[in-house]
Structures are given as structure tokens and as C-alpha cells.
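Have a look at this one before I ask anything.
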Amino acid sequence: MQSIIYNEDQGINFGKWDNDTANFIYSKSTKEILNLITIPEKVADYGGANGNLKQFIPQAISVDIDQTKKPDILDNILTHVGEYDLIVIRYVLHYLNDYEVINLFQHIKKFHIGKILIIQFCNNNLKIKYKNSQNEFKYFRTETQLEALLLNVDKIYTSEYLCSSQFYKDRLNINNAISHIETLNAYVYN
């Protein structure tokens, strides 16, 4: 398997920026969402990057295609198969085009009988989001676009937050980013 490196994600430093947006996305909201579900013993963190989820679920196994993040399992989540009671997909869907998102869930449903927790931000002002994301290529979506790809899910959490210019400076080294409102949603496939 060929590793794909997302240089803009800063390898093992991903998600460790000290600003209000990063603190909300990677810590506060994650705690709030995980308090809404039962956490089983066997948990996979698909697209789990550098294992940030382990601070909340120590037994989580990170599966990622980017070797610079040092995941527990270096593999493509679009084809990975494992025995888990819960699969967490947190801030991953914007790395995938619509076709890949649909295929991901079809693939998982072929072998996984447990729950899938999806945590994803969405943007109602895609123009600003793309302008701020100059040093990366992603598939950002509005809430309507995101939910059109997710069938048979229950929304268990939603919160608006300020995605600050400091977040873009820390994450992408962009000095002229525009702060904007984003929505963070969590869904469960049963």
C-alpha cells in the first residue's frame, strides 16, 4: 500500500494547535459527543491521523494512510477491514469526494455490524472556506450536501462555532484568513 502524505496536516502535530477553534474541535466537542454514546472495547479511529482520539478513548486504534502521522495501522480506510465494535470517522469526509464517501460506508457495512460515529464540520459559506484553505485541496460541504451522503443516520449533536483566522494561521500558515461560522455535527449509523 502506498502512503499518501498530507503535508498541510503537519504529521504527528496535527490537531495540537493552541487556539480556541482547535480546542473546541479536537477536545471540548469530542468530549461532549462521546458522552452521548456508549464506548465499547474495540474501537477503530478511521482516518485517525496521529491518534488524537486516544486522549478520550485510550484503546482506539488509529487507521490512516499518512505515515507521517504514525497511525497504529497504516492502511486506506476505503479498503481497510477489521473487527471493531465502533468505528469513529472524525473530520475525515472532507478528504473524500462524494463517490468515495458513498463507497466508504458501503464498504464498512459489508463487514461491520456495530455502530459508526461520524463527526464532521460543515460550512454554509463555502466561498470563504475555500478561500481560507489555500494550501490544501479538500471537499468541503454544506450541511445539506453532507447529509445527502449519509443515509440511515441519527444526528446526535450539532453546534455552531467560530472557525478563527488564528486556526488557519496555525494549521495552514495563512495570514489573511477570514474568521467564519461553521457547524459541527455528529451522526450515528446503527
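The values are calculated or read from the model by the stated rules, or taken from the named source; none is laboratory data. Remember, it's a predicted structure, so these values are computed and weren't measured experimentally. When we count neighbours, we look across all protein chains shown, and the Cβ atoms used for this are built from the backbone with ideal geometry, even at glycine.
Can you pull out the residues in the range 94-149 that are more than 17 Å from the chain's Cα centre (by Cα), crowded, with 19+ Cβ neighbours inside 10 Å and within 23 Å of LYS42 (Cα to Cα)?
Of everything in the range 94-149, just one residue is more than 17 Å from the chain's Cα centre (by Cα), crowded, with 19+ Cβ neighbours inside 10 Å and within 23 Å of LYS42 (Cα to Cα), namely HIS112.
Still on this structure, I have one more. If I filter the range 18-28 for residues that are at pLDDT 95 or above and farther than 30 Å from GLN134 by Cβ, do I get at least one hit?
Scanning the range 18-28, I find no residue that is at pLDDT 95 or above and farther than 30 Å from GLN134 by Cβ, so the answer is no.
Kindly indicate whether any position in the range 1-16 is surrounded by 14 or more Cβ atoms within 10 Å (Cβ to Cβ), modelled with pLDDT of 95 or more and either in a helix (DSSP H, G or I) or charged (D, E, K, R) (or both).
For the range 1-16, residues surrounded by 14 or more Cβ atoms within 10 Å (Cβ to Cβ), modelled with pLDDT of 95 or more and either in a helix (DSSP H, G or I) or charged (D, E, K, R) (or both): absent.
Continuing with the same structure: Looking only at the range 160-190, which residues are modelled with pLDDT under 90 and assigned to a helix (DSSP H, G or I)?
PHE167, TYR168, LYS169, ASP170, ARG171, LEU172, listed by residue number.
Testing LYS127 on (1) part of a helix (DSSP H, G or I); (2) within 21 Å of ALA49 (Cβ to Cβ); (3) free of Cβ contacts under 8 Å to residues at least 12 places away in the same chain, one condition comes back false. Which one is that?
Result: LYS127 fails condition (2) only.
Which of the residues that make up the range 46-79 are crowded, with 21+ Cβ neighbours inside 10 Å and under 13 Å from ILE108 (Cα atoms)?
Within the range 46-79, TYR46, ILE77 qualify.
Is there any pair linking a residue in the range 132-143 that is under 16 Å from VAL92 (Cβ atoms) to one that is in a loop (DSSP other than H, G, I, E, B), with Cβ under 6 Å and at least six apart or on different chains, and which?
Between residues of the range 132-143 that are under 16 Å from VAL92 (Cβ atoms) and residues that are in a loop (DSSP other than H, G, I, E, B), the close pairs are TYR139/ASN97; PHE140/ASN123.
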